[in-house]
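**Q** Next up is a structure, given as structure tokens.
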Amino acid sequence: MTIPYRDPSPIDGPVGADLWERADRALPGGGVYFTRSADMSGRGVLPGFIAANDGCRVTDVDGREYIDFLGANGPNILGYRHPEVEAAADDMRSRITTASLFPPSLVEVVERLLQTWSTMGWGLVAKSGSEVVTLGGRVARQHTQRPSLVAFEHSYHGNDPELASGPPTGPLTTLTDDVIRLPWNDPQRLIDYFEIHGADIAGIILNPLDQRPLVQTTEPTAEFLAAIEQVRERWGALVVLDDVRHGFRLHPSGSHRQLGIEPDLIALGKALGNGHSISALLGTEELRTAARKIMFTSTYMFVAPPMAAAAAMALVLPNLPRRPRLCRVGVTNESPRILSARPVVPPDTEVRTAMPRPTIAAVKTTQSTVTAPSSSRLKFCANLNSFICSSNFRLLSSILLTGPSLPTRLFGLPLWMTL
Ligand SMILES: Cc1ncc(COP(=O)(O)O)c(C=O)c1O
């Protein structure tokens, strides 16, 4: 039986509406794609089907152009289809797609990462952030020979059911028994927990910042970071930094530099390939033996163009003349700690509840022309999107440089939920 998600939305034109009809029949629906599912940000909130993207702009299947504040949930730090990144990927694609054994670019991309992340001794490349965060937990368990991991309440670490940020539905609830969720920024709870269970904890998985739907982003306090250091020292738990989301955005060589910690394992993804499917796990030399013992392979692990894209991204990003500006919006690299501010909702923003779950703020999209973003909107977007899209140089600069009238619409404010 077909269950339509919602009534057709004026945001989608006839082609989009038709695709929704077909999607209702062809896909399982529901919340499968989470923040990007039809349930949360689909029909009625965002244009459902994107036909093309370039820089900060996207065009939907009905030919309407938007400025995209969502940035595909974070990978496009340089904007969609950055010319140098695409040229590198295309060049590689003209010679090799995937391989039976190692493409040379596998070694090159890991070497390049190790040059930048100089405390790390080895690296592995995969396709998604989820894979490498999960692998980080496995390496920590293998090295310590302990079963449990500590993570923090509500933190998102990808699609592995064991690391699900909420209780998984269905019969697999016991899967999460070995991942203990403790409150963020509660040093005493962490210390107390380790006093009782420390001998069982292989690693602490943490995001550089705590970002939850509809809640202000919070940096870890100095006391909290000190507690992590303390239990790590006393109990030998490894620190696994999930830098999938923030990587390349808080600091050019790792968000931990901004926090002042030295992780044992670092997971990278998203911005690493600027839109190409690549992720990486980096580990200290001490963990090499443990990493060697873990079987971690997949058919498309050796697809070379994303590796070339990552190598190009790594060259482009540090040399962006306006990178400091990029960093100033939402976060400042010059600051020893991270600045985060409460979002300011601009007056021309309407709040819509798309589904009972999250509240979604969406800029009115019924007009074909919207006023150029005011500073409050920019601030709003920057804060909402502080670490994904406002760090998107082409996106921001395009907005800042656009004249008083944008022949575009704006979308992407549900990214609020995704941060
Ligand atoms: C902090 C964090 N870790 C892991 C992941 C999972 O990465 P991927 O979606 O590439 O599997 C995400 C994705 O949003 C993330 O934000």
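Every read-out reported here was derived from the displayed coordinates using simple, explicitly stated rules and does not represent laboratory data. This structure is a prediction, so every number in the text was calculated from the model and none was measured. Ideal geometry is used to build each Cβ from the backbone, glycine not excepted, and the neighbour counts take in all protein chains shown.
**Q** When you take every Cα atom in region 83-330, what is the radius of gyration, and what is Dmax, the widest Cα pair distance, in Å?
**A** Cα-based Rg and Dmax for region 83-330 come out at 18.1, 57 Å.
**Q** Got a sec? How would SER155, SER105 order by Cβ neighbour count within 10 Å, fewest to most?
**A** On the way: SER155 18, SER105 24.
Sorted ascending by nearby Cβ count, the order is SER155, SER105.
**Q** Same structure, new question: Residues with amide H under 5 Å of ARG181's amide H, sequence separation 5 or more or different chain, H placed in the peptide plane at 1.01 Å from N; which?
**A** Distant-sequence amide H within range of ARG181: ALA151.
**Q** Something else: Within a 10 angstrom radius of the beta carbon, how do ILE77, ILE196 rank from fewest other beta carbons to most?
**A** Working: ILE77 28, ILE196 8.
So the residues, fewest neighbours to most, are ILE196, ILE77.
**Q** What list of ³J(HN,Hα) values in whole Hz, one per residue of region 219-235 in order, does the Karplus curve 6.51 cos²θ - 1.76 cosθ + 1.60 (θ = phi - 60°) give from phi, with Gly and Pro shown as x?
**A** 7, x, 6, 4, 5, 5, 5, 5, 5, 4, 4, 4, 6, 5, 5, 6, 10
**Q** Further question: With 10 angstrom as the radius, rank PHE102, PHE296, PHE152 by how many other C-beta atoms surround their C-beta, starting from the fewest. Before the final figure, lay out each step's value.
**A** Values: PHE102 11, PHE296 15, PHE152 22.
The fewest-first ordering by Cβ neighbours comes to PHE102, PHE296, PHE152.
**Q** Continuing with this model, one more query. Mind ordering 280-293, 126-139 by average Cβ neighbours within 10 Å, highest first? Intermediate values should be presented prior to the final figure.
**A** Values: 280-293: 17.9, 126-139: 23.6.
Ranking, from highest mean packing down: 126-139, 280-293.
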